Amino acid sequence: MTGHIPIPESTLLVTVTAICLAIFSNIAVRLLVDLKKERRIRKEVGAFDKELREATAKKDKAKEEKLKKLKPQYDKMRLSMSTGRLKATVVTYIPFLAVYYLMADVVVGGISTQVAMSPIPIPYLVAANGGMALFWWYSLSSFSFSFVLQKLLGTSITT
């Protein structure tokens, strides 16, 4: 492509793209992860960890030894919980990269092209003129909307 999309339009393009990819990611999580099971496991593992910490702090050796025998079982549960999210990550990773590099091509100039202006000077993220490069604006937009959408769509493990 020739030309460069000006900052207001490129800012909006990157933000909308980040929102769309966050929605896609959350849909993938909803389809590929048993969220009820994940939350149940997280709660059980959290209770186990808390009980083990308390036994260690109180120096209750008998209870600590008993709990340490159960630790491999809880580690396995923790791993199964991580595996579910990993499936969703694998499914979304390639499309995310493809869209990101396509966007870098559309806004011309690559990942260092300034696509947004920041009123706040943020070291390493914002240039001296206030501009934010595609990589940083995309990352900021993506992280910001991902957390909000996880809460709205119920895919957060803490929901």
Problem - Top-ranked residue of the stretch 1-60 - restricted to ones that are assigned to a loop (DSSP other than H, G, I, E, B) and not aliphatic (A, V, I, L, M), ranked as nearest to Thr155 (Cα to Cα) - result: Asp34
Handout entry: Residue ID - surrounded by the most Cβ atoms within 10 Å (Cβ to Cβ), chosen from residues in the stretch 126-151 that are over 21 Å from Val99 (Cβ atoms) and without any contact (Cβ under 8 Å) to a residue 24 or more places away in the chain
Key = Val126
Practice task
Take Leu70 and decide whether it is without any contact (Cβ under 8 Å) to a residue 24 or more places away in the chain, loosely packed, with under 14 Cβ neighbours inside 10 Å and farther than 29 Å from Ile23 by Cα.
Solution key: yes
Practice task
Search the stretch 74-96 for residues that are closer than 16 Å to Lys43 by Cβ and of a type in the set (A, V, I, L, M) and pair each with any residue that is modelled with pLDDT of 85 or more and surrounded by 14 or more Cβ atoms within 10 Å (Cβ to Cβ) when their beta-carbon atoms are under 6 Å apart and the residues are at least 6 apart or on different chains.
Solution key: Met77/Ile41; Met77/Val45; Met81/Glu38; Met81/Ile41
Practice task
Tell me, please, whether a residue that is outside any loop (DSSP other than H, G, I, E, B) and either modelled with pLDDT under 85 or under 30 Å from Arg39 (Cα atoms) (or both) can be found in the stretch 118-132.
Solution key: no
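Looking at the structure I just gave you, is Thr155 touching a Ser or Thr at 6+ places or on another chain (Cβ under 8 Å) and modelled with pLDDT under 90?
Numbers: touching a Ser or Thr at 6+ places or on another chain (Cβ under 8 Å): no; modelled with pLDDT under 90: yes.
Considered against the rule, which asks whether it is touching a Ser or Thr at 6+ places or on another chain (Cβ under 8 Å) and modelled with pLDDT under 90, Thr155 comes out as no.
The values are calculated or read from the model by the stated rules, or taken from the named source; none is laboratory data. What you see is a predicted model, and the numbers here were worked out from it, not measured in a lab. All Cβ positions, even for glycine, are placed from backbone atoms using ideal geometry, and neighbour counts span all protein chains on display.
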